[in-house]
Amino acid sequence: MPNIAFHLGAHRTGTSSLQSFLKHSKDTLHHANIELFTLPDTRSLDTAQFTPDAPRLILSEENLIGTMEENILLGSLYPRIASNLKKRAPSNLQPDVVALSIREYSEWWASSLLYLLFRQKKDYLKELGNIKFFERTWVDVIDSIRATYPGAMIVVREFRWKPDNPKRFVLEFTKWTEVKSLKSFRKRRNAIPSQLGVASSLMELGYTDLGNSVASCGKYSLLPKKIIDELKEQYEADLRHIKRLKNTKLLLGQQE
């Protein structure tokens with residue numbers, strides 16, 4: 001049973017909802033001698049120098065492995081994990097377990113781009129043509145985390161696995177019986193607009209072709225269908241690969 005659990009995101013996979021659940025449960029966790037270190041403290045304090053006061057710890061911070069902006073500007077999926085963890089993660093802590101949620105590639109990239117566009121008012125869509133979608137996969141991301149934390153168990157949650165139950169995910173990667181007594185709490189965070197809203201906004205910004213694609217195919221349809229199909233095939237192949245990795249547990253969602 002782990003004493004130190006790191007939850008490292010990823011972005012756009014229900015991470016904010018999980019963090020809301022944890023913060024809602026912070027007092028109960030504290031009484032069980034479980035310390036929580038997450039937003040906003042992880043953004044305002046020196047995370048690299050953090051030392052827990054309790055015998056057990058959950059650290060949840062998706063930016064430890066990289067940011068959405070970094071991924072988009074570098075055109076690759078979390079390409080600097082090793083250096084980012086060395087610089088940002090607590091240098092005196094080695095997690096017993098690392099939790100990570102992943103999502104189908106075309107959806108993940110589209111969701112990240114649209115989130116930055118609608119929530120942070122930053123237009124990164126102009127970088128769409130520079131993204132090397134097949135350069136790095138979730139398998140590479142897991143390998144990079146494994147290289148940094150070779151002794152940790154890695155629990156990977158596929159995006160479709162119990163999306164409305166962050167409590168279950170926390171229980172899966174901690175195995176702490178105290179989590180069972182926590183009150184279920186899910187507050188949906190950081191959702192992007194509906195398909196029609198996305199399409200209309202893209203057209204207003206001058207992205208007519210993208211707007212038409214979204215209007216006819218779905219709000220994550222920022223890429224040509226051929227690329228989307230290839231990315232979906234790659235994702236399913238990677239899930240099969242992850243399932244075979246040692247010291248790795250895959251929580252697999254239902255097929256759509």
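The values are calculated or read from the model by the stated rules, or taken from the named source; none is laboratory data. What you see is a predicted model, and the numbers here were worked out from it, not measured in a lab. Here the Cβ is made from the backbone with ideal geometry for all residues, glycine too, and neighbour counts use every protein chain on show.
Can you tell me which residue within segment 110-130, out of those that are closer than 12 Å to ARG12 by Cβ and of a type outside the set (S, T, N, Q), is surrounded by the fewest Cβ atoms within 10 Å (Cβ to Cβ)? Looking at residues that are closer than 12 Å to ARG12 by Cβ and of a type outside the set (S, T, N, Q), I get ARG119. In segment 145-152, is there at least one residue being over 28 Å from GLN195 (Cα atoms) and either of a type in the set (Phe, Trp, Tyr) or at pLDDT below 95 (or both)? Yes, segment 145-152 contains at least one residue that is over 28 Å from GLN195 (Cα atoms) and either of a type in the set (Phe, Trp, Tyr) or at pLDDT below 95 (or both). Scanning segment 85-113 for residues that are among the aliphatic types (A, V, I, L, M) and closer than 14 Å to ASN71 by Cβ turns up ILE102, ALA110, LEU113.
Applying the criterion of being in contact (Cβ under 8 Å) with a residue 24 or more places away in the chain and in a helix (DSSP H, G or I) to the residues of segment 203-229, the residue that is nearest to LYS132 (Cα to Cα) is ILE227.
Out of ARG157, ARG168, one residue alone is at pLDDT 95 or above, among the basic types (Lys, Arg) and out of contact with any helix residue (DSSP H, G or I) (no Cβ under 7 Å at 6 or more places or on another chain). It is ARG168.
Is it the case that LYS183 is surrounded by fewer than 19 Cβ atoms within 10 Å (Cβ to Cβ) and charged (D, E, K, R)? Here the answer is yes, as LYS183 does meet what is asked. Criterion applied to ALA32, ALA48, ALA82, ALA89 was being of a type in the set (A, V, I, L, M, F, W, C), out of contact with any Phe, Trp or Tyr (no Cβ under 9 Å at 6 or more places or on another chain) and at pLDDT 95 or above, and the one residue passing it is ALA82.
Cβ-Cβ distances below 6 Å connect the following pairs, each with a first residue in segment 120-135 that is closer than 11 Å to ILE72 by Cβ, a second residue that is β-branched (Val, Ile, Thr), and a separation of six or more residues or different chains: TYR124/ILE72; GLU127/ILE72.
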